[in-house]
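The values are calculated or read from the model by the stated rules, or taken from the named source; none is laboratory data. As the structure is a prediction and not an experimental result, all values here were calculated from the model. Heads up, the Cβs are rebuilt from the backbone with ideal geometry, glycines too, and the neighbour counts pull from every protein chain shown.
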Amino acid sequence: MKDKIKLFFRKIRKNVIEYIATNRLFITYVILSMAGLMLVRNFTIDNMWDFPAFVSDLALVLIIGSLGYLVKPKNQYLYFMIVLIIFTLMEVINSVYYTFYTSFASFGELGTVGQAETVMGSVYERMKITDLIYILFPFIFYFIHKKLYKTAYYNFMSVVEKGKKMCVVTLLVGCLFLAYTFVTATGTDYSRLAKQWNRVYVVERFGLVLYQINDLVQTLTPRFSSLFGYDEAAQSFIEYFTSDDVDQYDGENKYTGIFEGYNVVFIHMEGMQTYLMDLEFNGVEATPNLNRIANEGMFFSRFYPQVSIGTSSDTEFTLTTSLMPAASGAVFTQYYDRDYITIPKLLKEKGYYTFSMHGNYASMWNRSTVHPALGYDDMYFEDTYTYNEDADDPNNLEYINLGISDKKFFEQVVPIMENIEATYTNYMGTVITLSNHSPFKFLDKYGEYDMSTTYQECDEITGACEDVTTNYLYGTSVGNYIMSSHYADAALGEFFEYVNNSDAFDNTIFVLYGDHDAKLSRNDLNYLYNYDYKTGELKSEDDPTYVTYDEYDHELNKNTPLIIWTKDESIRRKIRGEIDYVMGMYDVMPTIGNMFGIENPFAMGHDIFNIKEDNYVVFPNGNFVTDLIYYNNSEGQYKVIKEGAELTTDYISNLLEKTEKILDVSNAIIVHDLIKNEGETVLEIKENEAKE
């Protein structure tokens, strides 16, 4: 019996050695491919050794690699190298992408590549060495290939390799692993794979390769057939907007029609976050002008953007339409030709002249095409303004970061707006700022702002103490961002000084909003809360003075200001104060619309003064925030943010269902142009129900 066992293991050992000897190139391809895929998961979502993702990636590496056996041994290197380079590109792109968006890249976003031209400085600034480590693997593969070539490996394999047999066996093993992946998946896993909006979860569960293949299929399928999934999407759209759940928060409130007949100007504040308004250094606020405007107007302190890959353009889209960003790609570059109901269009029906202003190129985010489609009559973009265009001159304060500085921009915006007011009875405009865009590195142009901190340092032996001043924030990511925002705030202050001193704008409402967060990491922000002056490093969590700043705190800290302000004292008295209900960008149109007497029957958001504390803000990745909790959809966990909050057993499950419905219906509207194709059907059904 012992002899048989020894013989059995000896035979296995022989087969293993023989397999390794005759498959060295293939094994190298598998090891290097898996190493790259595991590392990208490690450096992004920290699940390098997660078994389901590992098995799924390995399955597809084997399946794709098995086809290499159908190629003659001397040509197999070229096949495996091509596959490895594709994997490497996928790894680098997703690694860099995750740094910016905390998500994974999509083929549907290829249309946005052209938008990277003016923000490459931000990309370079935030790239890490780990984003480029994957480039090593094709070089390693090349050197191993050269070594095998010198040992006559390929000549030997041309004689002994049974290509078709090895292809079938390897393909079978890969399919078995893939079968395991799908057999062990739950209904929730399948749903998220099919819908693809929670990309982090898909990669965590199914690995990067399957995610990318699935994404490619979902990106191409609607392109091949515009009717793909149309009937189901249309049915969901009709059911959603004729349900009682949507209508229950409709109706008038004390702000209904309060702004009818007034002009309105939206101020799109690039990268401005709310926590800046609470910062003060040496008695000087980081955003004194924004704080003053907030105190004079209506300030929504828990307001959240809902952006995806389209960043600023997503904000413009969601604010004007009350729809979520597209599940894949950016609306401004891929779905701009749909029929949307927008604030500019509705106000134009009331006789308003509409315009947009920006110091950047009109081609950026395809605005030259999209803004007219959204309902803007005229655009005043980069070629409208005069300024010193020498970007390399450090003393040129008229050019900051991507183009004209905010101060120079606002200086020229006011006379244009005064002329508009003199020409038109009513107008609506959007003014988009530029200077506070990453990278935040133009310190010589931001002006003076002393962020130094003074603390006492005492001698442990003598007990003598002395004041020590440190400017530790200067040169850090968060410090540079504060400097940039302080400059942007100063420019905003000058603009409102122009407005106050002007004979115009007495009948104008200004709506200021931050478009998205500054994309700083949790570690970057920790310098504000947990910097140890003595060690020059961040405090450890064991330090008794450590301030908890976890991933939930970081997400909650991404809120931006939303302020309604006017020179009209009679109106100011009616709206002044802080509104602390949780509110999203998709709630702006219903809320402001009610004030101006306009309505979008297909809004995904709500009038905040009707829904109040029952509001919930859905994010494109499936996370959501309410007055009570912040929920992380990928992890299936949440943090209670209201002390003493009591949750019912079905509180989260109901909100998860609503979140999925909002994301699905909104995306269906965008992809299938449902407002144009099915909108009348919805309105007819609601009209008939109202008559009954």
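Structure notes:
- Residue, surrounded by the most Cβ atoms within 10 Å (Cβ to Cβ), within region 48-81, restricted to residues that are under 20 Å from ARG24 (Cα atoms) and among the β-branched types (Val, Ile, Thr): VAL61
- Of the residues examined, GLU239 is one that is within 21 Å of TYR586 (Cα to Cα), over 27 Å from the mean Cα position of the chain (by Cα) and not in a loop (DSSP other than H, G, I, E, B).
- PHE505 vs. criteria in the same structural domain as ASN426 (by TED's automatic domain parsing), in contact with a Ser or Thr (Cβ under 9 Å, 6 or more places away or on another chain) and not in a loop (DSSP other than H, G, I, E, B): no
- Among the candidates TYR631, TYR546, TYR586, residue that is surrounded by 16 or more Cβ atoms within 10 Å (Cβ to Cβ) and without any contact (Cβ under 8 Å) to a residue 40 or more places away in the chain: TYR631
- GLU260, sole failed condition from (1) under 30 Å from SER356 (Cβ atoms); (2) buried (at least 17 other Cβ atoms within 10 Å of the Cβ); (3) in contact with a Phe, Trp or Tyr (Cβ under 7 Å, 6 or more places away or on another chain): (2)
- Subset of region 221-237 [surrounded by 12 or more Cβ atoms within 10 Å (Cβ to Cβ) and modelled with pLDDT under 85]: PRO222, PHE228, GLY229
- Any pair with Cβ under 6 angstrom, 6 or more apart, that starts in region 285-314 at a residue that is surrounded by fewer than 20 Cβ atoms within 10 Å (Cβ to Cβ) and ends at one that is part of a helix (DSSP H, G or I) and charged (D, E, K, R): ASN289/ASP489
- The residues of region 554-569 that are in contact (Cβ under 8 Å) with a residue 12 or more places away in the chain and assigned to a helix (DSSP H, G or I), listed by number, are HIS554, GLU555, LEU556.
- Residue satisfying condition, being under 23 Å from the mean Cα position of the chain (by Cα) and part of a strand (DSSP E or B), within set TYR513, TYR549: TYR513
- Residue that is modelled with the lowest pLDDT [pool: residues in region 315-327 that are crowded, with 24+ Cβ neighbours inside 10 Å and outside any helix (DSSP H, G or I)]: ALA326
- Taking the criterion of being more than 17 Å from LEU346 (Cα to Cα) and in a loop (DSSP other than H, G, I, E, B), the residues of region 425-440 that qualify are THR433, LEU434, SER435, ASN436, HIS437, SER438, PRO439, PHE440.
- Residues located in region 37-84, provided they are of a type in the set (S, T, N, Q) and part of a helix (DSSP H, G or I): ASN42, THR44, SER56, SER66, ASN75, GLN76
- Selection status of LEU528, in a loop (DSSP other than H, G, I, E, B), assigned by TED's automatic domain parsing to the domain that holds PHE409 and at pLDDT below 95: no
- Search result, residues across region 92-114 that are at pLDDT 80 or above, assigned to a helix (DSSP H, G or I) and not small (Gly, Ala, Ser): VAL92, ILE93, ASN94, VAL96, TYR97, TYR98
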